[in-house]
Amino acid sequence: MFDCLFKSVSDVLDITLAKSKSAKRRDERVGFVAFLHTSGRSLNPHPHLHVLLAERTVDKLGKLKKIHYFHFKRLKTAFMYRFLELANKEIKALNNKTLYNKFNKERSIALKKYKDGFYVHGPANKKSNHYIKSSKSTADYISRYASHPPIAESNILSLNEITNEITWTYTPHEDPDNPVVITEHVFKFIAKLIRHIPDNKTHVLRYYGFYADRTNRIKKLSKLFNYKNFKYQKSQLKWRIMIKRTYKFDPVLCNYGSLLKVNFNYSYFGKYDWRDFDA
């Protein structure tokens, strides 16, 4: 179903950014990056995409052209119909009549309820904090959303090791002035977290248009990094190296020069058996 979500966004952007005959001859393509997040602020299941769209098209000769506007209302309605169409095909292929009938009932309710289309947040760029002004801010945006956890560590307020309860908070979209504080068993909290861990081989970050690997036209443009520099930067994205660079100490090197080994029996969870608790 996540594939349906990605494909519906890709198809709808192609529809919304209608091309002229001359643009089609030049094979102009827009470029965008899509990030999948599966959780809402309350750690509830809430699959949604964040999309970073370039304000440029690139033709087959590598020529750039600015784009400043696309029909936002059309985007919302087209996204709703396209996603429901793809989801319908996906569920129908499962040959589960009960599930298929239930989905069609929910689809009919959604079409009546959301006459203007599904929710799409797209503020005016230069009038909002979402306007990206430089290559560095673009890279920061991508890295922040690509590694965004379901909950920030700052939202975890306390852990009571006697009662095994954790207290955490979140700010609801519908009432941002009144944060919600929740206290619950630590295993119940962990159960909410781990359901948002992607399955193996699930691509939560995808590139489209001239950003896609299969296109060569972007190679004609200037690059932020050459291959050797990029390879080195990638090699530095290891937790031990990043902790050493940030906090100026080696997390696995003890004061006597020996490397430490992980032993979960000495951790907080080592003294408990998760099967003894009802999460």
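Please list, ordered by first then second residue, the pairs with beta carbon atoms under 9 Å, 6 or more apart or interchain, first in region 24-44 and under 12 Å from residue 151 (Cβ atoms) and in contact (Cβ under 8 Å) with a residue 60 or more places away in the chain, second of a type in the set (Lys, Arg) and part of a loop (DSSP other than H, G, I, E, B).
Pairs found: 39/195; 43/195.
Looking only at residues in region 79-111 that are within 28 Å of residue 29 (Cα to Cα) and surrounded by fewer than 16 Cβ atoms within 10 Å (Cβ to Cβ), which one is farthest from the chain's Cα centre (by Cα)?
89
Got a sec? Which helices (runs of 4 or more DSSP H) wholly within region 1-97 have at least 1 residues that are touching a helix residue (DSSP H, G or I) at 6+ places or on another chain (Cβ under 6 Å) and over 20 Å from residue 202 (Cα atoms)? Give the steps one after another, and end with the answer.
Working: elements: 2-16, 21-25, 72-92.
Correct list: 2-16, 72-92.
Scan the helices (runs of 4 or more DSSP H) fully inside region 167-279 and keep the ones with 3 or more residues being modelled with pLDDT under 80 and surrounded by 10 or more Cβ atoms within 10 Å (Cβ to Cβ).
Numbers: elements: 186-194, 227-235, 239-247.
The qualifying helices (runs of 4 or more DSSP H) are 227-235.
Could you check how many residues of region 40-78 are basic (Lys, Arg) and under 24 Å from the mean Cα position of the chain (by Cα)?
Residues of region 40-78 basic (Lys, Arg): 41, 56, 60, 63, 65-66, 73-74, 76.
The next check asks that each one be under 24 Å from the mean Cα position of the chain (by Cα); those that pass are 41, 56, 73-74, 76.
The total comes to 5.
Pull up region 136-166, narrow it to residues that are part of a strand (DSSP E or B) and of a type in the set (A, V, I, L, M), then point me to the one that is farthest from residue 46 (Cα to Cα). Don't jump to the end; show me each part of the working.
The first filter runs over region 136-166 and keeps only residues part of a strand (DSSP E or B), leaving 156-160, 165-166.
From the residues that got through so far, the ones that are of a type in the set (A, V, I, L, M) too are 156-157, 159, 166.
Values: 156: 20, 157: 23, 159: 26, 166: 22 Å.
Among residues in region 136-166 that are part of a strand (DSSP E or B) and of a type in the set (A, V, I, L, M), the one farthest from residue 46 (Cα to Cα) is 159.
Taking the conditions exactly as written (out of contact with any Leu (no Cβ under 9 Å at 6 or more places or on another chain), surrounded by fewer than 17 Cβ atoms within 10 Å (Cβ to Cβ) and at pLDDT 90 or above), does residue 24 satisfy them or not? Talk me through it step by step, then tell me what you get.
Details: out of contact with any Leu (no Cβ under 9 Å at 6 or more places or on another chain): yes; surrounded by fewer than 17 Cβ atoms within 10 Å (Cβ to Cβ): yes; at pLDDT 90 or above: no.
No, not satisfied.
For the condition exposed (fewer than 15 other Cβ atoms within 10 Å of the Cβ), hydrophobic (A, V, I, L, M, F, W, C) and out of contact with any Cys (no Cβ under 6 Å at 6 or more places or on another chain), what is the one hit in 49, 36, 61, 17? Outline the logic, then answer.
Values: 49 fails: exposed (fewer than 15 other Cβ atoms within 10 Å of the Cβ); 36 fails: exposed (fewer than 15 other Cβ atoms within 10 Å of the Cβ); 17 fails: exposed (fewer than 15 other Cβ atoms within 10 Å of the Cβ).
Step by step, each of 49, 36, 61, 17 is checked, and only 61 is exposed (fewer than 15 other Cβ atoms within 10 Å of the Cβ), hydrophobic (A, V, I, L, M, F, W, C) and out of contact with any Cys (no Cβ under 6 Å at 6 or more places or on another chain).
The values are calculated or read from the model by the stated rules, or taken from the named source; none is laboratory data. Please read all numbers here as calculations on a predicted model, not as lab measurements. Neighbour counts run over all protein chains shown; Cβ positions are idealised from the backbone, glycine included.
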